[in-house]
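Visitor: One structure follows; several queries about it will come next.
The numbers here are math on the coordinates, done by the rules we state, and not lab data. These figures come from a predicted structure and were not determined experimentally. Ideal geometry is used to build each Cβ from the backbone, glycine not excepted, and the neighbour counts take in all protein chains shown.
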Amino acid sequence: MITVRDLRGTSFELEDVVPRAGLNVDAALTKVQPIIEAVRTRGVEALNEYAEAFDGIRPPALRVPADVLNEALSSLDPEVRAALAESIRRARLVHADQRREEHTTVLGNGARVTERWLPVERVGLYVPGGRAVYPSSVVMNVVAAQEAGVGSLAIASPPQADNDGWPHPTILAAAELLGVDEVYAMGGAQAVAAFAYGVRNADRDWICRPVAMVTGPGNIWVAAAKRALRGVIGIDSEAGPTEIAILADDSANAEWVAADLISQAEHDVIAASVLVTTSPELAAAVSVALETQVAAAKHTERITEALGGQQSAILIVDDLDTGLRVVDAYAAEHLEIHTRDAAAVARRVTSAGAIFVGDFAPVSLGDYCAGSNHVLPTGGAATHSSGLSVQTFLRGVHLIEYDEAALNEVAAHVVNLANAEDLPAHGTAVAIRVN
């Protein structure tokens, strides 16, 4: 079901140990460019055509009416509502602590630089609606943006034939619970394009005003549209297939490790599940546990394909140091640590989207109720990028305040550097102000 590779006593290139899923965003770019252009030039007409082609239904309207949002929340299962409310509460506590305060640095008498943190004014939040329904992604996107102080939020999620052309009711309910009343029935690359350029009606009035940034996970077409439109809009990341890596020694519980590998394989046939372990006995026990648990799972076929793909494997390594080098090179979206003294081992990790420490912090906790954000870098991007947070929606702006004496003090340096760069007018702009 899953490939087992014994790397003990061998030399190997870290980047070649576990191949990624076959995902070519560049190839998808050529297919999304006509979609983007059609939405830019033809607006609602193009969005309706793509909804019918890709989602099997034209929504009754692009924007979801207030009564539909209200009804979705009123009809929500009370237990699901309570779970969403707790997820929101915990996420708010964590994200509120991420806020940055204005800070002033005094460089001398009359010379100071103040850094202000200003929220993006308007953001489009994308929520997938494919194989699974993700109200949790509504929570992760909205809470981080709200805690950053973003004043205008809009959500897009694909229309669904089973819901009269509106997005899934649980997604609508989550939006209503969070106080977001601007929700659109649109998905895929066309939704990103609509956010980037805005959509007008026949009278040239805005149906959906353009946004400054688009965040949220999606499929390859969403990722390609984000890449194509980056610069027109800001983006959080080009989210790819979900990944879990687990670093474990012989103290790990094989049944729990298997369950966690399956939990991510459940997302998609190209989801990646990787176990790196120092224990051949654990590797064998996890392989057996996978057979039993996958057979009993609801999405057996999807999980089996994901675990059997080139992107998933069990890797047996010589020691914990080697295991750490492997997981750092892999830079997983989600990394679990199942070792002795897991907290100390976790602090040795340098590249991961989020690190789940010990037996009782599985990735699925972070997906819903840990308080952390589950929109995380994939495809090795954790080597240079962070997950979604309050900082995603903030812009650092410097206020530079110098009086005449302070400018005099540094003027010669400015002039000398300007001349060194052959930009003498830069120096003149300072020299003209000072003695």
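Visitor: Rounded, prolate or oblate: which fits segment 296-432 when a ≥ b ≥ c are the square roots of the eigenvalues of the alpha-carbon gyration tensor, with rounded for a/c under 1.5 and prolate only if a/b beats b/c?
Guide: It comes out prolate by the Cα gyration axes.
Visitor: Okay, next question. Put +1 on the Cβ of each Lys and Arg and -1 on the Cβ of each Asp and Glu in the chain; which of ASN163, ALA313, LEU290 then has its Cα farthest toward the positive end of the dipole?
Guide: ASN163
Visitor: Could you give the length gained on full extension between THR300 and LEU7, defined as 0.36 nm per residue of separation minus the Cα-Cα distance, in nm?
Guide: Working: separation 293, 0.36 × 293 = 105.48 nm, distance 2.90 nm.
My answer for the length gained is 102.6 nm.
Visitor: Now, a different point. Taking amide hydrogens as modeled 1.01 Å from N in the peptide plane, which residues meet the under 5 Å criterion relative to PHE356, leaving out close sequence neighbours?
Guide: LEU335, GLU336, ILE337
Visitor: In the Gaussian network model of the chain, springs joining C-alpha atoms below 10 Å, which of VAL106, VAL414, VAL183 carries the largest mean-square fluctuation?
Guide: Most flexible of the set in this elastic network: VAL414.
Visitor: Right, next: So what is the relative contact order for segment 70-210, in percent, with contacts set as C-alpha pairs under 8 Å and at least six apart?
Guide: Here the relative contact order equals 23 percent.
Visitor: Specify which labelled value, from (1) 1.13; (2) 2.94; (3) 1.01, agrees with Cα Rg over 2.2 N^0.38 Å derived from the coordinates of the model shown.
Guide: From the options (1) 1.13; (2) 2.94; (3) 1.01, the structure gives (1).
Visitor: Just to confirm the filter: which trypsin sites (Lys or Arg not before Pro) across segment 164-265 are DSSP coil and have at most 10 other Cβ within 10 angstrom of their Cβ?
Guide: ARG204
Visitor: Between ALA202 and LYS31, take the C-beta separation as r, use R0 = 35 Å, and let me know the FRET efficiency to the nearest 0.05.
Guide: That gives a FRET efficiency of 0.75.
Visitor: Using a 7 Å offset from the Cα along the Cα-to-Cβ direction at both ARG340 and THR41, what is the distance between the two label points in nm, to one decimal?
Guide: Between ARG340 and THR41, the simple spin-label model gives 6.8 nm.
Visitor: Among TRP256, TRP166, what is the fewest-to-most ranking by other Cβ atoms within 10 Å?
Guide: Sorted ascending by nearby Cβ count, the order is TRP256, TRP166.
Visitor: Can you find, among GLN33, ALA239, ALA412, the residue farthest towards the positive end of the dipole of the chain? Put +1 on the C-beta of Lys and Arg, -1 on that of Asp and Glu.
Guide: ALA412
Visitor: Restrict the search to segment 317-424; then list the GluC sites (Glu not before Pro) that DSSP places in a loop and that have at most 15 other Cβ atoms within 10 Å of their Cβ.
Guide: Qualifying residues, ordered by number: GLU421.
Visitor: I would also like to ask the following. Take every Cα pair under 8 Å in the chain that's 6+ residues apart, average their separations, divide by the length, and report that relative contact order as a whole percent.
Guide: So the answer I get is 22 percent.
Visitor: Summarise the long-distance tail of P(r) for segment 1-135 by giving the % of C-alpha pairs beyond 17 Å. The partial results should precede the final answer.
Guide: Details: 7498 of 9045 pairs.
The answer is 83 percent, as a whole percent.
Visitor: Quick one: putting +1 on the C-beta of Lys and Arg, -1 on the C-beta of Asp and Glu, what dipole do you get for segment 60-198 around its Cα centre, in Debye to the nearest 20?
Guide: The dipole of segment 60-198 has a size of about 500 debye.
Visitor: Report the trypsin sites (Lys or Arg not before Pro) located in segment 1-90 that are in a DSSP loop and have at most 16 other Cβ atoms inside 10 Å of their Cβ, or state none.
Guide: Values: sites: ARG5, ARG8, ARG20, LYS31, ARG40, ARG42, ARG63, ARG81, ARG89, ARG90; in loops: ARG8, ARG20.
Within segment 1-90, the qualifying trypsin sites (Lys or Arg not before Pro) (loop, at most 16 other Cβ atoms within 10 Å) are ARG8.
Visitor: Using 1/(1 + (r/R0)^6) with R0 = 25 angstrom and r between the beta carbons of LEU399 and ALA420, what's the FRET efficiency to the nearest 0.05?
Guide: So the FRET efficiency works out to roughly 0.40.
Visitor: So how do CYS208, CYS369 line up by other beta-carbon neighbours within 10 Å, fewest first?
Guide: The order, fewest Cβ neighbours first, is CYS369, CYS208.
Visitor: For a footprinting-style exposure proxy, rank ILE2, ILE57, ILE303 by other Cβ within 10 Å, fewest first.
Guide: Details: ILE2 23, ILE57 19, ILE303 27.
Result, fewest neighbours first: ILE57, ILE2, ILE303.
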